[in-house]
Amino acid sequence: MIQMFFSATQYAAATVTAAIRAGLFGPREGVRRILVVSNTAAVPEVGTPLDRMPGFERLRPEFDQVRSWNEFISPHHPAGWSPRAQDAQLWEKAVRLAWDLGDEPVEIACESIQANPSRAIADIFADSPIHVYADGLMSYGPTRNRIPHGMSSRIARVLHLDLVPGLRPMLLSEYGVQPEAVPNEAIVDVLAQLGESGAGLLAERLPADHPPTAVLLGQYLSAIDLISQDEEEALHVRMLRAAARAGHEDVLFKPHPSAPAVYGESLETAAAELGVRLTVLNEPVLAETVFAYLRPKLVIGCFSTALMTAAAFYGLPVARVGTALLLDRITPYENSNRVPLTVIDAALPDAEGAPLGEPLELAGIAEKLTPLVRAVGYCMQSRKHHALRGEVVAWLGVHLADHERYFKRRRLTSLRLPGGAPVRAEALRRHPVVRRAVRRLRA
């Protein structure tokens with residue numbers, strides 16, 4: 001048996017390594033394990049492949065070989081290339097020949113099955129069982145794109161991080177795929193090993209006499225057109241002001257590794273005004289390494305997954321800033337970031353108004369979030385989750401007034417849900433779908 005693990009990021013590779021070490025892929029005997037790395041950045045040639053990043057040597061022993069998907073399909077880009085249907089078998093033969101797979105059965109573990117390169121891999125190995133793994137909050141939301149039956153029927157499970165204990169992922173649930181959590185202790189142990197080199201860098205980089213007590217998490221919201229660059233810079237300043245309001249004089253700002261390197265000046269100006277010592281960490285260090293090394297007293301972000309890893313894995317106090325703005329701006333309603341945004345907004349305290357400094361109470365959090373997440377997920381992908389309608393209608397009828405910010409009236413109207421506007425007869429007669437139906441009936 002050959003097990004092929006496809007990863008595009010260091011965090012994804014850490015997730016599958018933790019799953020392997022936790023025994024979720026069976027014993028090592030009689031199995032050949034291959035890690036296939038890919039770089040889906042806009043210009044992958046200028047980036048560093050994850051197998052060349054510091055700390056990768058701690059993951060390497062779990063795999064018999066490491067291969068590059070970018071090199072194999074060059075000059076095509078991994079995010080944009082997939083084989084033509086009639087060529088899939090030829091590509092399978094090419095992969096088997098290039099990587100010396102012979103005729104052995106292949107098992108695939110990949111992320112984001114809706115998009116390339118995972119979709120391309122699943123098409124090429126059309127008879128192989130598939131394990132989908134998700135390392136972030138998006139696993140709690142519905143599947144973005146339709147999966148063909150020939151592919152969905154091969155998906156054995158969804159492996160996910162238990163970031164919100166008790167909350168059940170919706171990803172691929174419409175196909176009957178069951179979720180399975182990667183044990184927290186396994187992923188924390190892998191992240192600790194991965195971060196050893198990063199901890200040394202932090203020791204050199206951060207002042208020993210005034211170590212930061214608060215961490216601000218940047219994202220790449222303007223890069224994916226959720227808000228403008230100026231608005232994102234203003235969001236970082238709001239985070240800094242919230243940390244200063246909570247009494248923190250030494251603050252670390254960690255930009256997202258995929259964010260453009262244009263931030264910092266407005267933050268430094270605000271820090272000078274507030275009398276805060278600010279450190280901007282541009283080095284490639286995992287946020288989890290920062291949490292484990294610094295043990296900060298407060299972590300502030302917008303809706304980064306790292307907020308929940310800080311709370312669930314390290315027991316750190318966390319808070320949010322700017323989620324109201326994003327809930328208003330995020331489009332379309334089906335945007336996959338909507339559920340992570342909803343989870344963070346509903347679960348975390350507002351850094352600009354609520355008392356800060358206490359660890360997040362995770363016990364019972366799933367009871368609060370489950371009906372909300374299922375209702376938002378149904379509104380995002382109602383055609384895939386017909387069975388949820390009765391439950392969602394009943395919940396919205398009672399709780400919509402307290403959760404209006406998570407729902408758009410236009411969406412509620414189109415789905416005929418509580419809170420939607422009444423549909424006037426004249427508007428209904430003018431609706432193009434109704435007019436087409438009437439023409440068919442008359443014909």
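Please treat every number below as a calculation from the coordinates, not as lab data. Since this is a predicted model, take the numbers as computed values, not measurements. Positions of Cβ are generated from backbone atoms using ideal geometry, with glycine treated the same way; all protein chains shown enter the neighbour counts.
Using the Kyte-Doolittle scale, find the helices of the chain whose mean hydropathy is at least 0.0 and whose Cα atoms extend 20 Å or more along the helix's long axis, counting only whole DSSP H runs.
On the way: long enough: 229-245 (24 Å, -0.78); 365-380 (22 Å, 0.79).
Result, helices passing both filters: 365-380.
Run the dipole for the chain about the Cα centre, Lys and Arg Cβ at +1, Asp and Glu Cβ at -1, nothing else charged, and hand back the magnitude in debye, nearest 20. The partial results should precede the final answer.
On the way: 47 positive and 49 negative charges, 586 e Å.
Roughly 2820 debye, rounded to the nearest 20.
Might you report the magnitude of the Cβ-based charge dipole of region 1-104 about its Cα centre, with Lys and Arg at +1 and Asp and Glu at -1, to the nearest 20 debye? Don't jump to the answer; show the numbers that get you there.
Numbers: 11 positive and 12 negative charges, 43 e Å.
Using only the charged Cβ atoms, the result is roughly 200 debye.
Can you give me the C-alpha center-to-center distance between region 173-224 and region 75-117, rounded to a whole angstrom?
Region 173-224 and region 75-117 have Cα centres spaced 30 Å from each other.
Mind checking which of 413, 387, 397 is farthest towards the positive end of region 383-425's charge dipole, using Cβ charges of +1 (Lys, Arg) and -1 (Asp, Glu) about the Cα centre?
Among 413, 387, 397, the one farthest towards the positive end of the dipole of region 383-425 is 413.
Tell me the mean residue ellipticity at 222 nm calculated for the chain from its helices only (DSSP H runs of n ≥ 4, each -39500 (n - 2.57), averaged over every residue, nearest 500).
Values: 18 runs with 172 residues, N = 443.
Mean residue ellipticity at 222 nm (helix-derived): -11000 deg cm²/dmol.
If I build a Gaussian network model for the chain, linking alpha-carbon pairs within less than 10 angstrom, which residue out of 100, 250, 135 has the largest mean-square fluctuation?
Looking only at 100, 250, 135, the biggest GNM fluctuation is shown by 100.
Trypsin sites (Lys or Arg not before Pro) within region 321-421: which are DSSP loop residues with at most 12 other Cβ atoms inside 10 Å? The partial results should precede the final answer.
Details: sites: 329, 338, 368, 374, 383, 384, 389, 405, 408, 409, 410, 411, 416; in loops: 408, 416.
Filter output for region 321-421: 416.
So which chymotrypsin sites (Phe, Trp or Tyr not before Pro) in region 14-93 pass both tests, a DSSP loop state and at most 16 other Cβ atoms within 10 Å of the Cβ?
Details: sites: 25, 56, 63, 69, 72, 81, 91; in loops: 25, 63, 81.
Within region 14-93, the qualifying chymotrypsin sites (Phe, Trp or Tyr not before Pro) (loop, at most 16 other Cβ atoms within 10 Å) are 81.
If you place +1 on the Cβ of every Lys and Arg, -1 on the Cβ of every Asp and Glu, and leave all else neutral, what size is the dipole of region 2-191 about its Cα centre, to the nearest 20 Debye?
On the way: 17 positive and 22 negative charges, 59 e Å.
Computed about the Cα centre, the dipole is about 280 debye.
Give the separation of the Cα centroids, region 385-402 to region 150-171, in Å.
With region 385-402 and region 150-171 each reduced to a Cα centre, they are spaced 23 Å.
Report, in whole Å, the centroid distance computed from the Cα atoms of region 310-378 and region 229-303.
Centre-to-centre (Cα) distance: 19 Å.
Rounded, prolate or oblate, given the Cα gyration tensor of the chain, with a/c below 1.5 counting as rounded? Present the calculation step by step, with values, prior to reporting the outcome.
Working: a/c = 1.75, a/b = 1.03, b/c = 1.70.
Because a/c hits 1.5 or more and a/b fails to exceed b/c, the chain counts as oblate.
Summing +1 for each Lys or Arg and -1 for each Asp or Glu, what net charge is found among the other residues whose Cβ lies under 13 Å from the Cβ of residue 212? Provide the component values of the computation, followed by the final result.
On the way: positive: 205, 254, 277, 295, 297; negative: 209, 249, 250.
Every neighbour counted, the sum reads +2.
Only counting other Cβ atoms within 10 Å, I'd like 77, 131 sorted with the fewest neighbours first. Intermediate values should be presented prior to the final figure.
Numbers: 77 18, 131 23.
Ascending number of Cβ neighbours within 10 Å: 77, 131.
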